[in-house]
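The values are calculated or read from the model by the stated rules, or taken from the named source; none is laboratory data. Remember, it's a predicted structure, so these values are computed and weren't measured experimentally. In this analysis, Cβ positions are derived from the backbone assuming ideal geometry, glycine residues included, and neighbour counts consider all displayed protein chains. These accessible areas exclude ligands, DNA and RNA; they are computed on the full protein's heavy atoms, side chains included. Shrake-Rupley method; radii C 1.70, N 1.55, O 1.52, S 1.80 Å.
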Amino acid sequence: MARVNPVVLVLIAIASVQFGAAVAKGIFTAAHPATLSFLRVTIATTVFLVIARPRWSGRTLRDWLLVLGYGLCLAGMNLAIYLSFARIPIGVAVTLEFVGPLALAVIGSRRLIDLGWVLLAAMGVGLLGALPIGLDPVGVALALLAGAMWAGYIALAGPMGRRWEGLSGLTTGSLLGFVILAVPGLLLAGDSLGRSSVWATMALVALLSTVIPYGLELHARRSIKASTFGILMSIEPAAAAIFAWLVLGEWLGWVEWLAMALVITASVGAVRGAHVTRRPAG
């Protein structure tokens with residue numbers, strides 16, 4: 001992997017995340033999205049625990065508060081975006097979700113151009129709201145909530161990473177996310193937990209949407225600039241729409257594609273040079 005261009009690794013990771021999202025939505029008829037989110041986090045957490053074996057003794061209260069907030073954002077982001085997928089197209093949901101990191105990138109900025117990026121993204125979101133057919137407002141709200149959680153995850157990743165070495169923070173946060181998602185995941189499971197097909201599919205999704213992309217991006221970030229990484233991540237809405245079409249047959253209209261283009265353009269402009277952290281999700 002050392003000889004592979006880091007840009008290629010990030011692109012593969014993006015494709016893996018969005019392919020996993022489309023695969024997960026493909027079995028929404030077999031299990032509730034909350035249950036599927038819980039299963040994915042359960043399987044991914046198990047893998048991380050085997051790999052990382054985090055040290056928990058000797059931690060301060062601040063350490064635990066940081067990782068608790070991180071785990072809450074991780075669980076909330078994953079649950080909200082899956083619930084959103086159940087109501088609106090994946091490409092639209094990911095476009096709306098991206099507003100969270102974009103807003104975080106320009107918070108506190110006094111540059112006029114950053115205000116322009118926000119207005120451009122707002123135009124994109126406004127276009128989605130003006131669709132002739134209309135979008136489920138709950139699905140839209142859930143996607144925006146997922147974006148807010150993603151922004152919180154990004155904000156906490158830095159300080160948590162400085163206090164939790166290696167994969168310890170991610171693993172512990174993922175374990176806390178598992179605990180948080182256990183309640184809705186189990187209550188809404190019905191008989192789905194007894195289906196081997198559901199477990200097999202979510203094991204695949206856990207690898208595609210969490211383990212594989214995190215490993216690829218961890219390697220790529222050693223040699224790629226933060227600005228380049230942020231720009232590459234901005235193509236996620238388009239990747240989400242393409243894989244949703246290939247796997248699920250979800251094709252967006254021209255208004256949706258235009259709205260997506262506006263948000264992507266705004267993201268590229270706003271995130272360029274800013275610190276962006278991948279969510280281990282999708």
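Listed values, structure above:
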quantity: Output for region 61-85, where each listed residue is farther than 15 Å from Phe38 by Cα, open to solvent by 30 Å² or more (accessible area, probe 1.4 Å) and touching a residue at least 24 places away in the same chain (Cβ under 8 Å); calculated: Arg62, Leu68
quantity: Candidate set: region 212-228, residues that are within 26 Å of Leu39 (Cα to Cα) and surrounded by 19 or more Cβ atoms within 10 Å (Cβ to Cβ); chosen: the one modelled with the lowest pLDDT; calculated: Glu217
quantity: Test result for Ala200, under 22 Å from Val23 (Cβ atoms) and open to solvent by 60 Å² or more (accessible area, probe 1.4 Å); calculated: yes
quantity: From the options Gly124, Gly108, Gly134, Gly116, residue that is in a loop (DSSP other than H, G, I, E, B), open to solvent by less than 40 Å² (accessible area, probe 1.4 Å), farther than 28 Å from Leu216 by Cα and at pLDDT below 90; calculated: Gly134
quantity: Filter pass, Gly190 being outside any helix (DSSP H, G or I), closer than 9 Å to Ala31 by Cβ, open to solvent by 60 Å² or more (accessible area, probe 1.4 Å) and modelled with pLDDT under 95; calculated: yes
quantity: Residues being farther than 13 Å from Leu72 by Cα and surrounded by 15 or more Cβ atoms within 10 Å (Cβ to Cβ) - total across region 172-187; calculated: 2
quantity: Subset of region 22-44 that is farther than 15 Å from Ala203 by Cβ and of a type in the set (A, V, I, L, M, F, W, C) - its residue that is surrounded by the fewest Cβ atoms within 10 Å (Cβ to Cβ); calculated: Phe28
quantity: Lone unmet requirement of (1) small (Gly, Ala, Ser); (2) in a helix (DSSP H, G or I); (3) open to solvent by 60 Å² or more (accessible area, probe 1.4 Å) for Ser209; calculated: (3)
